[in-house]
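Each remark here refers to the structure printed beneath this line.
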Amino acid sequence: MSVAVLGSGLFGIAAVRSLRRSGLDVTWLSEDQAPGGLWRADSLASKVYPSLLMITPSGDSVFRDDRSRFGDRFLRWSEYAEYLSQAMPQDGEVRVFGARVRECVPVEDGWEVRADSFTGKFDWIVNATGRNNRPRALAVPPGGTAYRHVHASEYRTLSSIEGARCLVVGTGQSGVDIASDLALRGNEVDVSVRSGSLIVPKYILGKPVRAPRSGGLARRVTSPVKRRLLRLLVGRQEEWGLPEPAGESMPVVSDLFLHVLRHGLVTVRPAVGSLRENDVLFADGSTERYDVVVSATGYEWTLPHLPAGVQDSGLLLGMLPPGVDRLILLNGFRCKGAAMACAEIQADLVPRIVLGEIVPGTGAPLSPERARVGFTGADYRVYLAGLTSRGRGRTFPGSPGSRARRSSPSLPS
Ligand SMILES: Cc1cc2nc3c(=O)[nH]c(=O)nc-3n(C[C@H](O)[C@H](O)[C@H](O)COP(=O)(O)OP(=O)(O)OC[C@H]3O[C@@H](n4cnc5c(N)ncnc54)[C@H](O)[C@@H]3O)c2cc1C
């Protein structure tokens, strides 16, 4: 069985490690020159800037064999990039790096993968080209804006800016990190808040805050009791102008944002109504002028190299697009907390699916809403266990048998 793994970020690395352990014939393709994905400064998918801080502790962010290697602290992004680059020593797989995959075409019993300067035929494709690949930015007027407007993905181009009047739109993780960085570099910073998030410090009672492997602090802080405890420890964020956190929103982890808010270095503004040519109109009718506006408004997942119709809705096991054979999509839903937790679970499943030990059924696909809300690793295990326990042995419910192994890829009509 030959497998092409597309993408050399965390999920691609995890998949190649797992496939190699199973003795499968792997070709690893990436547009980048080395493994690490968005954590590398030289990646075409890079999202790093000098002051970027990891939000998950090392104990959750590295592969399970390495859990004790760094103690339990937050790594610098460059340390993490270095760790990932060495996490899959070349071990028999063919590497086709520096080659963007342009097109994957279903052929008899497999796929033809067409990349820059490479074309190959494979039985299976494991796609790990990342989720953060199309910025979801605010609309700008047709003539553009008199101020500089960038998406958070391009923030590194601003990371030396000083003395500017800045607006950061959004208070998700990227928004609070960027607002903190701008504020600490002497810029005048406003943040526009549409809905509240719970801002959680990195350490509580001397322990790193983490998403649960089995019911830990990050999940529990969303319960009313734990919220009260958090209020006792860090105070009421409403007092600093932030709205009450929305019910099930994932906590945003940042010491710096709490710090800059409390020092009055950041001013909270309402949701943005629209970006206009010379100023920004807020939802309450007020307007402000800025030198720089950063849209920290998230990303969309795009798969331009895969056949039209392949998308992230209705994934079986959270990995398999229904009706498309021999294609596995990794990181296809929002991973809450450490991405490594979901990456390792999916990587463990990859060779079992390829070898036919798990036959995906047509039942119980992941709903778009569930994919949007996402899973922690612990939630994902529970979701998968629910599927297996309702199925027979290793076959997931609704399975039509070994269709996926025998026929060539087909697309939904
Ligand atoms: C700013 C930021 C901070 C984050 N902080 C954390 C954190 O602290 N902890 C955590 O657990 N998670 C964090 N995450 C989540 C992060 O998404 C994961 O940690 C993980 O790195 C994602 O890995 P990936 O393999 O899915 O994607 P990526 O790292 O994006 O890798 C995708 C790879 O595929 C390549 N590629 C894309 N398209 C093609 C193509 N057509 N042909 C060939 N190659 C292609 C890209 O160049 C890249 O090498 C953060 C994300 C962002 C954006």
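The values are calculated or read from the model by the stated rules, or taken from the named source; none is laboratory data. Computed from a predicted model, the values in this text were never measured in an experiment. All Cβ positions, even for glycine, are placed from backbone atoms using ideal geometry, and neighbour counts span all protein chains on display.
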- prompt: Which condition number does E82 fail, the rest of (1) over 19 Å from A15 (Cα atoms); (2) at pLDDT 95 or above; (3) of a type in the set (D, E) being met?
  reply: (1)
- prompt: Which residues, taken from the range 64-98, are within 20 Å of the chain's Cα centre (by Cα), under 22 Å from K202 (Cβ atoms) and in a loop (DSSP other than H, G, I, E, B)?
  reply: F74, L75
- line: Note on Y380: of the conditions (1) more than 14 Å from the ligand (Cβ to nearest atom); (2) of a type in the set (S, T, Y); (3) farther than 30 Å from D190 by Cβ, unmet is (1)
query: Which pairs do you get when a residue that is touching a residue at least 24 places away in the same chain (Cβ under 8 Å), found in the range 43-55, comes within reach of a residue that is of a type in the set (D, E, K, R) and more than 7 Å from the ligand (Cβ to nearest atom), reach meaning Cβ atoms under 7 angstrom, with the pair 6+ apart or on two chains?
result: S46/R40; V48/R156; Y49/R156; S51/D181; L52/D177; L53/D177
message: Residues that are outside any strand (DSSP E or B) and either assigned by TED's automatic domain parsing to the domain that holds R100 or within 20 Å of L158 (Cα to Cα) (or both): does the range 246-259 have at least one?
response: yes
message: Is it the case, given these coordinates, that S46 is part of a loop (DSSP other than H, G, I, E, B), within 14 Å of the ligand (Cβ to nearest atom), under 30 Å from D181 (Cα atoms) and not assigned by TED's automatic domain parsing to the domain that holds M250?
response: yes
query: (1) modelled with pLDDT of 85 or more; (2) under 26 Å from the mean Cα position of the chain (by Cα); (3) part of a loop (DSSP other than H, G, I, E, B): which one isn't true of Q311, the others all being true?
result: (1)
- prompt: Within the range 182-192, is there a residue that is more than 26 Å from the chain's Cα centre (by Cα), among the basic types (K, R), within 15 Å of L256 (Cβ to Cβ) and surrounded by fewer than 22 Cβ atoms within 10 Å (Cβ to Cβ)?
  reply: yes
task: Would you be able to say whether some residue in the range 26-35 is of a type in the set (S, T, Y), within 10 Å of the ligand (Cβ to nearest atom) and assigned to a strand (DSSP E or B)?
output: yes
- prompt: Taking L275, is it assigned by TED's automatic domain parsing to the domain that holds L233, within 16 Å of the ligand (Cβ to nearest atom), hydrophobic (A, V, I, L, M, F, W, C) and in contact (Cβ under 8 Å) with a residue 12 or more places away in the chain?
  reply: no
field: Selection within the range 161-186 - in a loop (DSSP other than H, G, I, E, B) and in contact (Cβ under 8 Å) with a residue 60 or more places away in the chain
entry: I161, A164, G170, T171, G172
Subset tally (residues that are surrounded by 15 or more Cβ atoms within 10 Å (Cβ to Cβ), within 28 Å of the chain's Cα centre (by Cα) and closer than 14 Å to A139 by Cβ) for the range 255-280: 3
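I want to confirm something. Restricting to the range 99-146 and keeping residues that are of a type in the set (D, E) and within 13 Å of the ligand (Cβ to nearest atom), which single residue is farthest from the chain's Cα centre (by Cα)? Spell out the reasoning first.
So the first thing to find is which residues in the range 99-146 are of a type in the set (D, E), and the list is 103, 108-109, 112, 116, 123.
Restricting the remaining residues to those that are within 13 Å of the ligand (Cβ to nearest atom) gives 103, 116.
On the way: E103: 23, D116: 26 Å.
Top of the filtered list is D116.
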